[in-house]
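Colleague: My questions all concern the structure below.
The values are calculated or read from the model by the stated rules, or taken from the named source; none is laboratory data. Only a predicted model underlies this, so the values are computations on that prediction, with no experimental measurement involved. So basically every Cβ, Gly included, is an ideal-geometry build from the backbone, and we count neighbours across all protein chains shown.
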Amino acid sequence: MNISPFFRNLRATYEAELDDLRFDSEGRDVLRQRLAQRRKELSFLLQMMTLSPEMVAVTLHQGFTFKSPAMMEHLLTLAPQEFPDWDKLADAIELAPWTHDLVQAIRKEPMGNGFLTVAAGMEYMHHKPATAPARSHDAEDEVEVEVEVEEDTDAELSPLDAEEESDARAREEAGADWMVEQGFDRKN
């Protein structure tokens with residue numbers, strides 16, 4: 001499958017965000033507690049929906065069941081301007097009951113429906129071994145999966161894909177700058 005540059009960039013940042021939340025300073029797995037806290041902070045986090053979608057998308061972690069893998073696989077090949085409407089994509093996704101209030105709050109935002117599409121794509125990649133980067137064992141997962149991920153270079157990208165990748169990097173950098181301004185440490 002040929003994942004779009006947009007989702008290739010988000011895959012790494014989403015996994016990094018989950019990894020950052022996973023362990024406390026003493027090495028204990030605190031992912032569930034930190035996700036619960038993030039979910040309570042959704043109204044604040046919504047302002048980062050565009051610049052750092054991974055920081056908001058983690059609030060929906062483990063909240064999607066994908067009924068149509070083919071539709072999700074196709075989504076991962078698309079650029080943002082080609083995304084289907086959330087209502088159409090939602091037919092291919094079953095939401096966990098606890099997500100309904102979060103999804104309704106997100107949908108009230110001007111970019112909410114598009115964001116939900118992005119969040120679903122990130123979560124789908126997280127659970128799909130063929131697209132998931134190597135990661136440590138998740139207490140919620142049954143088995144540990146390690147996968148080699150091919151590195152793409154800009155030389156292999158078409159000019160449009162290279163521009164999209166450059167835009168995604170600029171958005172990621174702008175998001176990191178914003179987080180530093182809010183008092184957070186910069187991710188490496």
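Colleague: Which is surrounded by fewer than 19 Cβ atoms within 10 Å (Cβ to Cβ), within 13 Å of residue 120 (Cβ to Cβ) and of a type in the set (A, V, I, L, M, F, W, C), of 90, 70, 57?
Modeller: On the way: 70 fails: within 13 Å of residue 120 (Cβ to Cβ); 57 fails: surrounded by fewer than 19 Cβ atoms within 10 Å (Cβ to Cβ).
Just one listed residue meets the conditions, 90.
Colleague: Related question: Scan the range 83-100 for residues that are of a type outside the set (A, V, I, L, M, F, W, C), at pLDDT 95 or above and touching a helix residue (DSSP H, G or I) at 6+ places or on another chain (Cβ under 9 Å) and jot them down.
Modeller: Listed by number, the list holds a single entry, 99.
Colleague: Separate question: Restricting to the range 101-111, what's the tally of residues that are within 17 Å of the chain's Cα centre (by Cα) and at pLDDT below 95? Lay out the reasoning, then the answer.
Modeller: Within the range 101-111, the first condition is being within 17 Å of the chain's Cα centre (by Cα), and the residues that meet it are 102-103, 106-107, 111.
Then drop every residue that is not at pLDDT below 95, which leaves 111.
Residues that pass the stated criteria total 1.
Colleague: Here's a follow-up. May I ask you to list pairs of residues, at least six apart or on different chains, whose Cβ atoms are under 6 Å apart, with the first in the range 77-94 being small (Gly, Ala, Ser) and the second being in a loop (DSSP other than H, G, I, E, B)?
Modeller: That search, which allows pairs on different chains as well, returns 79/4; 92/67; 92/68.
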